[in-house]
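These notes are about the structure you will find just below.
The values are calculated or read from the model by the stated rules, or taken from the named source; none is laboratory data. What you see is a predicted model; the values in this text were computed from it and never measured. Positions of Cβ are backbone-derived with ideal geometry, glycine not excepted, and every protein chain shown enters the neighbour counts. The area values use the complete protein model at the heavy-atom level, side chains included, leaving out ligands, DNA and RNA. Shrake-Rupley method; radii C 1.70, N 1.55, O 1.52, S 1.80 Å.
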2 protein chains.
Amino acid sequence: MPPARPPHPPVSSIDVARLAGVSQSAVSRAFSPGASVSPKMRAKVLEAAAALGYRPSVIPRIMLSGRSRMIGIVVGGLDNPFYAAVLDHFATALQTRGLQTLMMRVPHALSLDGALDQLAGYRVDAVVTALAVGSRQAASALSALRIPIVCFNSRLTAPWISTIRSNNRAAGRLAAELLADRGVRRAAWLAGPADSAAARERGRGFADGLAARGLLPPIVLAADDSYDGGYAAMGALMHREPPPAGLFCSNDLMACGAIDALRARGLSVPGDVLVAGYDNIPQAAWHGYDLTTFDQQAEQMAAAALELLDDPATATGGQSRTIPARLIERGSTSGLIT
Amino acid sequence: MPPARPPHPPVSSIDVARLAGVSQSAVSRAFSPGASVSPKMRAKVLEAAAALGYRPSVIPRIMLSGRSRMIGIVVGGLDNPFYAAVLDHFATALQTRGLQTLMMRVPHALSLDGALDQLAGYRVDAVVTALAVGSRQAASALSALRIPIVCFNSRLTAPWISTIRSNNRAAGRLAAELLADRGVRRAAWLAGPADSAAARERGRGFADGLAARGLLPPIVLAADDSYDGGYAAMGALMHREPPPAGLFCSNDLMACGAIDALRARGLSVPGDVLVAGYDNIPQAAWHGYDLTTFDQQAEQMAAAALELLDDPATATGGQSRTIPARLIERGSTSGLIT
């Protein structure tokens with residue numbers, strides 16, 4: 001049986017017209033701002049509509065205009081509070097503008113194509129995706145849909161595809177400088193998945209920054225980009241050698257995991273090891289972590305995306321905007337390593 | 001300027017028909033499973049469609065059937081990871097069934113009415129909401145829409161409105177028994193907002209459970225249902241008197257805040273105080289908290305909601321389903337208070 005079918009069709013304008021004793025066109029006019037209808041007729045229609053629980057459908061308007069006032073938001077799992085916050089900011093910003101959020105949750109970047117096919121069927125006005133468009137080939141398939149697409153933290157732009165990103169490389173460099181200033185001589189980089197361009201840039205900036213201070217390249221720890229990933233990677237390192245005095249993690253979830261792994265082995269953060277992350281998730285501000293991090297300013301990213309989509313000159317893609325990540329210094333880097 | 005308008009209308013079936021040199025109806029048939037169209041004709045249409053990036057619109061089907069295959073999901077902020085997880089489970093479950101998620105983010109329960117008005121305009125097939133329907137009056141306004149609605153943790157059912165809830169009271173009682181078994185003689189209840197029926201039931205069950213063991217009623221601490229709320233309430237209590245030996249919190253976020261407040265004052269969890277929460281958010285499993293909690297089993301709640309909506313006999317509302325919350329015992333209640 002097809003799921004979620006209302007057992008009765010919704011109340012239609014025909015039902016309202018019948019109860020009010022007016023024409024269907026009069027019902028339609030009563031609900032169209034500025035349309036010609038007498039106050040008396042409008043009152044009659046609204047009374048019947050209220051009695052029946054009728055709400056005018058936006059579907060005919062979508063059919064005529066090809067515009068749905070729905071924006072597709074594609075996300076890949078909400079277990080990282082950063083993605084939940086981005087979605088939250090977007091849904092709020094869209095609603096403020098009278099737009100709707102058609103949310104698509106896809107398992108991984110490869111499913112972006114299929115998601116967009118479905119969103120295209122609903123005639124979404126635009127798509128915003130937290131998943132990067134991985135290749136030129138994928139980009140040209142998406143461009144063919146002629147739907148404005150804005151990606152986060154992607155490197156690629158193309159016709160119809162724009163990107164909004166954090167200044168990942170500069171932030172990585174800043175993290176290195178901060179740790180060096182606190183006396184760190186040997187640092188590690190807790191890298192996220194290899195397929196994330198944003199994570200790679202953060203790591204590159206961090207290595208640049210250490211080199212600029214005449215320090216050794218970071219110990220690179222590959223890890224899953226989750227709390228458990230950070231915990232496991234840090235734990236494994238400490239089985240082999242003493243931990244480095246400073247640690248930069250490609251996201252906050254991994255940093256929280258790494259901090260707990262250090263403490264589980266009796267080490268203090270920031271007493272023995274300084275730790276910094278990326279994203280400024282709510283948990284970074286929790287007293288148990290008090291984590292220095294970079295705020296990607298999701299609200300500004302959302303605003304920038306909507307600005308690109310608002311302007312016909314930029315909605316057709318090919319644009320790139322950088323939102324500076326803001327360093328949030330907290331207790332996890334407050335000590336001096338001696 | 002109206003936001004998010006694609007500067008060009010999407011490719012239409014007319015464009016495809018023109019390029020393929022066939023009728024518009026042939027294009028429509030080529031995209032309708034089971035429709036009569038020759039393989040040669042279909043190939044011609046699909047080739048033209050691919051060249052133009054055409055995707056068939058679902059809008060005419062919605063207009064004819066009054067069914068959109070979109071489900072409205074109403075949430076009130078995603079800063080509690082529990083709500084993010086619920087949304088995540090729902091979006092995944094809906095996609096598995098070929099349904100779409102029209103997400104509405106509303107500031108508070110009072111805005112449910114307005115949200116449903118908008119969702120009704122898009123002809124959603126049903127609405128699932130994390131916000132409770134507060135009053136009989138609100139319920140009858142919503143019933144008038146004749147859209148199947150499923151609420152989480154609401155007490156109220158009505159025509160078209162069903163509810164799925166956790167066995168909050170039984171869980172509260174179980175929390176009391178667990179703490180009493182561990183030697184707690186004086187306990188506190190960190191209550192959430194007064195307008196949450198679910199939180200009130202958890203507190204009532206907790207008080208019942210303590211009474212059944214012959215213990216004093218819990219010290220009741222009112223708090224905002226956030227990490228900061230838990231931190232502040234616990235901190236304020238300790239300024240007045242020594243903390244109770246056991247603490248039950250109406251959600252995990254508050255419990256994490258309370259634990260950090262206890263530790264900030266040099267107390268150990270579970271050495272000095274045992275703590276339990278509710279929701280089983282990911283952070284409850286983090287080593288830094290290792291929090292005993294109740295898992296609401298969001299996946300089962302989502303499945304139960306879709307089951308209600310699938311069946312015409314239950315989609316019309318008035319149903320109530322209880323999903324047992326599962327006790328997850330962790331380190332935060334592992335000690336024995338002596």
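In peptide B:252-258, how many Cβ atoms from other protein chains are near each Cβ within 10 Å, on average?
Neighbouring Cβ atoms belonging to other protein chains average 1 per residue here.
So for the pair B:ALA211, B:SER65, with labels modelled 7 Å out along Cα→Cβ, what separation do we get in nm?
5.2
Taking K and R as +1 and D and E as -1, what net charge do the other residues with C-beta under 14 Å from the C-beta of A:PRO39 add up to?
Values: positive: A:ARG29, A:LYS40, A:ARG42, A:LYS44; negative: A:GLU47.
Result for the neighbourhood of A:PRO39: +3.
Compute for chains A and B the buried accessible surface, both sides summed, probe 1.4 Å, and express it in Å² to the nearest 100.
On the way: alone 16910 and 16910 Å², together 26890 Å².
Summed over both sides, the interface buries about 6900 Å².
Check each residue of region B:139-172 and keep those whose accessible area, probe 1.4 Å, is at least 30 Å² smaller with all protein chains in place than in the chain alone; give them in order of residue number.
Residues shielded by partner chains are B:ALA144, B:LEU145, B:ARG146, B:TRP160.
Counting only other chains, what is the mean number of Cβ atoms within 10 angstrom of the Cβ of each residue in peptide A:96-104?
Counting Cβ atoms of other protein chains within 10 Å of each residue's Cβ and averaging gives 5.
Given axes a ≥ b ≥ c from the Cα gyration tensor, I'd like to know whether the protein assembly as shown is rounded (a/c under 1.5), prolate (a/b larger than b/c) or oblate.
The shape class here is oblate.
Compute, for A:TYR231, the solvent-accessible surface of its heavy atoms (probe 1.4 Å) with the complete set of protein chains present, and express it in square angstrom to the nearest 10.
50
May I ask for the distance between the Cα centers of region B:159-188 and region A:189-207, given as a whole number of Å?
Here the two parts' Cα centres lie 45 Å apart.
Taking the Cα of A:ARG97, stepping 7 Å toward and past its beta carbon, and measuring to each backbone N in region A:135-167: which are under 15 Å?
A:148-151, A:162-164
Which residue, B:ALA30, B:ALA284, B:ALA245, tops the fluctuation ranking in a GNM of chain B built on C-alpha contacts under 10 Å?
The residue that fluctuates most here is B:ALA30.
Cα to Cα, under 20 Å, and not fewer than 8 places away if on the same chain: which aspartates and glutamates meet these conditions relative to B:LYS40?
B:ASP15
Quick one: among B:ASP15, B:ASP272, B:ASP181, which has the greatest mean-square fluctuation in a GNM of chain B with alpha-carbon springs under 10 angstrom?
Taking springs between Cα atoms under 10 Å, the residue moving most is B:ASP15.
Per residue, how much accessible surface does chain B expose to a 1.4 Å probe? Answer in Å², no decimals.
Values: 13450 Å² over 338 residues.
I get 40 Å² per residue for chain B.
Amide H neighbours of A:VAL74 under 5 Å, counting only residues 5+ apart in sequence or on other chains, H built in-plane at 1.01 Å?
Here A:MET104, A:VAL128, A:THR129, A:ALA130 satisfy the definition.
Using modelled backbone amide H atoms (1.01 Å from N, in-plane), which distant-in-sequence or interchain residues come within less than 5 Å of B:GLY246's amide H?
B:ARG186, B:ALA188, B:LEU274
From other protein chains only, count the Cβ atoms within 10 Å of every residue's Cβ in A:60-72, then give the mean.
4
Helix A:298-310: angle to the longest alpha-carbon principal axis of chain A, degrees 0 to 90, nearest 10?
40
For chain A, what does -39500 (n - 2.57) per DSSP helix run (n ≥ 4), summed and divided by total residues, give at 222 nm, in deg cm²/dmol to the nearest 500?
Values: 13 runs with 144 residues, N = 338.
So the helix-based figure for chain A works out to -13000 deg cm²/dmol.
By the gyration tensor of its Cα atoms, with a ≥ b ≥ c the square roots of the eigenvalues, what is the shape of region A:75-160: rounded for a/c under 1.5, prolate for a/b over b/c, or oblate?
Oblate shape, in that a/c is at least 1.5 and b/c is the bigger or equal ratio.
So, in nm, how far is label A:ARG136 from label A:HIS287 when the simple model puts each one 7 Å beyond its Cα toward the Cβ?
For the pair A:ARG136/A:HIS287, the computed spacing is 5.6 nm.
Need one word for region B:135-179: rounded, prolate or oblate. Basis is the Cα gyration tensor (sqrt eigenvalues a ≥ b ≥ c); a/c below 1.5 gives rounded, then a/b vs b/c decides.
Prolate, because a/c is 1.5 or more and a/b exceeds b/c.
If one takes the longest principal axis of the Cα atoms in chain B, at what angle in degrees, from 0 to 90 and to the nearest 10, does the Cα axis of helix B:168-181 lie?
Between the helix axis and the principal axis of chain B, the angle is about 30 degrees.
To the nearest 20 Debye, how big is the dipole of chain B about its Cα centre, given +1 on the beta carbon of each Lys and Arg and -1 on that of each Asp and Glu?
Numbers: 32 positive and 27 negative charges, 219 e Å.
Computed about the Cα centre, the dipole is about 1040 debye.
Which of A:VAL220, A:VAL150, A:VAL45 ends up with the largest GNM mean-square fluctuation for chain A, with Cα atoms connected below 10 Å?
A:VAL45
Helix A:252-264 sits at what angle to the longest principal axis of chain A, using alpha carbons and giving 0 to 90 degrees rounded to 10?
40
To the nearest 10 Å², what's B:GLU307's accessible area with a 1.4 Å probe?
So the heavy atoms of B:GLU307 present about 130 Å² to solvent.
Along the charge dipole of chain B, which of B:LEU178, B:GLN24, B:LEU52 sits closest to the positive end, that is, farthest toward it, with unit charges on the beta carbon of Lys, Arg, Asp and Glu (+1, +1, -1, -1)?
Among B:LEU178, B:GLN24, B:LEU52, the one farthest towards the positive end of the dipole of chain B is B:GLN24.
What FRET efficiency, computed as 1/(1 + (r/R0)^6) with R0 = 22 Å and r the Cβ-Cβ distance, is obtained for B:SER334 and A:MET238, rounded to the nearest 0.05?
On the way: r = 25 Å, r/R0 = 1.12.
Approximately 0.35, to the nearest 0.05.
With the crude spin-label approximation of a point 7 Å out along Cα→Cβ, what separation in nm comes out for A:ASP224 versus B:ALA264?
Placing both labels 7 Å beyond Cα along the Cβ direction yields 3.3 nm.
Given a 1.4 Å probe and every protein chain left where it sits, what share in percent of the accessible area of the protein assembly as shown is carbon and sulfur?
Result for the protein assembly as shown: 54 percent of the exposed heavy-atom area is carbon or sulfur.
What accessible area, in Å² to the nearest ten, does a 1.4 Å probe give for A:THR322?
80
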